[in-house]
Amino acid sequence: MKPVNSLLAQTGTTIFTTMSALAAQYGAVNLGQGFPDGDGPVDVVRAAAEALLDRRNQYPPLSGLPELKMAVAAANARFYGLKIDPQAGVCVTSGATEALTACLMALINPGDEVVLIEPLYDTYLPVVRLLGGVPRLVRLSPPDWALPRAEFAAAFGPKTKLLLLNSPMNPTGKLFTPDDLDFIADQLCAHDVYAVCDEVYEHLVFGGMAHVPLMTRPGMAERCLRIGSAGKTFSLTGWKVGYVSGPPALIGPVAKAHQNLTFTTPPNLQRAVALGLAKSDAYFTGLADEMRAKRDRLEAGLRRLGFATLPAGGSYFITADFSALGFTGDDVAFCQRMVTQAKVAAIPVSAFYAADPPRHYVRFAFCKQDEVLDEALRRLGAWLATKPLTGGP
Ligand code: PMP
Ligand code: GLN
C-alpha cells in the first residue's frame with residue numbers, strides 16, 4: 001500500500017495526551033495537560049444548556065453567530081481599545097487550535113518563511129510544515145526568556161510571510177513587554193510581514209502586569225490576526241470555541257479556511273460564550289487573581305522541595321528546574337519517574353522544541369483546586385524524601 005502523508009506519519013501523539021494517559025494509568029495527580037478541574041462560570045454553562053432546548057440547533061452562520069461576533073468586537077474595544085468590525089473582522093472557530101490552522105492556511109503559500117519562537121506550542125511546527133511553510137526558529141533562553149533581538153531581526157528576510165507570536169506564552173508563562181512588541185512591530189513593518197497572535201491566555205495575567213496585544217502597536221492593526229479561546233477565558237477547555245479578530249482583508253481568507261476545516265462551531269456554545277464575554281470586569285480580574293494565587297501556592301511548594309522555579313507572568317503553567325535535586329537523567333526520564341513513583345504528572349519542556357532542547361525543565365499546570373495542588377506537593381515531598389533520584393536514570 002502507498003504511504004500515508006509523510007509529515008503526519010512522523011508526527012507523534014501529543015505529549016499532553018501521553019502524559020494524561022500515564023496519569024490515569026498510575027492514578028497520578030495530573031499537573032501535566034493544561035485544563036482546570038473546576039467547571040467554569042455557572043451562568044455561562046447554564047446558557048449553553050438552555051440554548052440546546054430552544055430549537056436553534058442547525059448550522060449557524062459560517063463565520064459565527066452575530067451575537068458572538070459582536071461580543072468579540074466589544075471585548076476587543078473594552079479590554080484593549082481595539083476597533084474591530086463585528087461583521088467582517090471576526091471569525092469564530094472550533095477552538096484556538098482550529099483558529100491557528102485557519103490563520104496559517106489563510107496566509108501561507110508553499111515556500112513562505114514563518115518566524116516561530118522556541119519553546120513553542122506543539123501544533124505550530126507540524127501545521128506550518130504541512131502547508132509548505134519554511135520555519136525559521138528563534139530561541140528564547142531560560143531563566144528570563146528574553147527576546148534575542150539581533151537574532152530575531154536576522155530571522156526576517158524577503159521570503160518571510162508571517163510571525164507566529166504566543167503571549168502570554170505556553171510553556172514559559174512569559175509576557176512580551178510593550179518594548180518587545182514595539183521592536184517586533186518595527187521588524188514586521190520593515191519586512192512587510194503578518195503576525196498570527198496566539199493570545200489564548202490573554203485573561204490569565206498576574207502580578208499587576210497587563211496583557212498587551214501586538215495588534216495595539218502602531219501599524220499592526222492591518223497586519224495581525226489575534227486569536228482568543230473561550231476554553232481558557234471561561235475555564236471550559238472542552239468547549240473548543242475560538243475567535244479570530246483582524247482586518248476584514250485577512251479575516252476573509254481565514255473564514256474560507258474555516259469553511260474547509262469545520263465550517264461552523266456549535267451554536268449553543270457560541271451563544272453562551274457571547275454572554276460570557278459580556279461579564280463584568282470582576283469576573284475577569286477574579287479569574288486572574290484566582291489563578292495567580294494558585295501559581296503562588298505551587299511555586300512556593302516547589303521551591304520548598306528544592307526545585308528552582310522560573311518566573312511565570314501568565315498562562316496556566318510554571319516551569320521548574322530539577323537540576324538541584326541531583327537527577328542526572330533528562331526531563332523525559334524525570335517525568336516518567338515522577339508519574340510512576342511519586343504519582344504526579346508534569347510535562348517535559350523539551351517537548352516544546354524542534355531540536356536540541358534544554359533537558360532539565362518540567363512544566364507544571366497550576367490551574368487546579370488548591371487541595372489538588374497540595375496533594376501533588378505532598379506526594380512529591382514524600383517521594384523526594386526517599387532520595388529516589390540519586391544515581392541518574
Ligand atoms: N494555543 C496555546 C498556546 C495553547 O496553550 C492552547 C491550549 N489548548 C491552544 C492554543 C488551543 O486552545 P483551544 O483549546 O481553544 O483549541
Ligand atoms: N494547551 C494544553 C496544554 O498546553 C493542552 C491542549 C491539548 O492537549 N492539545 O497543556
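The values are calculated or read from the model by the stated rules, or taken from the named source; none is laboratory data. The shown structure was predicted, so the numbers you read here are calculated from the model rather than taken from an experiment. Cβ: placed from backbone, ideal geometry, glycine included. Neighbour counts: every protein chain shown. Areas reflect the complete protein model, heavy atoms only, side chains present, ligands, DNA and RNA absent. Shrake-Rupley method; radii C 1.70, N 1.55, O 1.52, S 1.80 Å.
Only one of L147, L140, L130 is within 16 Å of ligand 1 (Cβ to nearest atom) and at pLDDT 95 or above; which?
Checking each option against the conditions leaves just L140.
Quick one: which of G34, G95, G89, G12 is open to solvent by less than 70 Å² (accessible area, probe 1.4 Å) and more than 16 Å from ligand 2 (Cβ to nearest atom)?
Of G34, G95, G89, G12, the one residue that is open to solvent by less than 70 Å² (accessible area, probe 1.4 Å) and more than 16 Å from ligand 2 (Cβ to nearest atom) is G89.
Would you tally the residues in the stretch 227-238 being within 13 Å of ligand 2 (Cβ to nearest atom) and part of a helix (DSSP H, G or I)?
4
Take G242 and tell me if it is closer than 19 Å to L62 by Cα, open to solvent by less than 20 Å² (accessible area, probe 1.4 Å), within 16 Å of ligand 2 (Cβ to nearest atom) and within 18 Å of the chain's Cα centre (by Cα).
Criteria met by G242.
Among the residues of the stretch 168-179, are any more than 21 Å from A365 (Cα to Cα) and in contact with a helix residue (DSSP H, G or I) (Cβ under 8 Å, 6 or more places away or on another chain)?
Within the stretch 168-179, not a single residue is more than 21 Å from A365 (Cα to Cα) and in contact with a helix residue (DSSP H, G or I) (Cβ under 8 Å, 6 or more places away or on another chain).
Conditions tested, residue by residue: (1) buried (at least 23 other Cβ atoms within 10 Å of the Cβ); (2) farther than 22 Å from L236 by Cα; (3) without any contact (Cβ under 8 Å) to a residue 24 or more places away in the chain.
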residue: K294; (1), (2), (3): no, no, no
residue: L298; (1), (2), (3): yes, no, no
residue: L305; (1), (2), (3): no, yes, no
residue: L310; (1), (2), (3): no, yes, no
residue: V344; (1), (2), (3): yes, yes, no
residue: P388; (1), (2), (3): no, yes, no
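Would you check if V200 is within 16 Å of ligand 2 (Cβ to nearest atom), in contact (Cβ under 8 Å) with a residue 12 or more places away in the chain and surrounded by 20 or more Cβ atoms within 10 Å (Cβ to Cβ)?
For V200, the condition - within 16 Å of ligand 2 (Cβ to nearest atom), in contact (Cβ under 8 Å) with a residue 12 or more places away in the chain and surrounded by 20 or more Cβ atoms within 10 Å (Cβ to Cβ) - is met.
For A106, are the conditions met, namely being away from ligand 2 (no atom under 16 Å from the Cβ), open to solvent by less than 20 Å² (accessible area, probe 1.4 Å) and either hydrophobic (A, V, I, L, M, F, W, C) or over 21 Å from T264 (Cα atoms) (or both)?
no
Return the pair list, or none, for Cβ contacts closer than 7 Å from residues in the stretch 361-377 that are over 13 Å from A346 (Cα atoms) and touching a residue at least 40 places away in the same chain (Cβ under 8 Å) to residues that are basic (K, R) and open to solvent by 50 Å² or more (accessible area, probe 1.4 Å), at least 6 apart or on different chains.
Hits for this filter: D370/R297.
State all residues of the stretch 339-361 that are more than 16 Å from ligand 2 (Cβ to nearest atom) and among the hydrophobic types (A, V, I, L, M, F, W, C); if no residue qualifies, say none.
Answer for the stretch 339-361, where residues must be more than 16 Å from ligand 2 (Cβ to nearest atom) and among the hydrophobic types (A, V, I, L, M, F, W, C): A342, A354, A355.
State all residues of the stretch 333-354 that are among the small types (G, A, S), farther than 19 Å from D37 by Cβ and over 20 Å from the mean Cα position of the chain (by Cα); if no residue qualifies, say none.
A333
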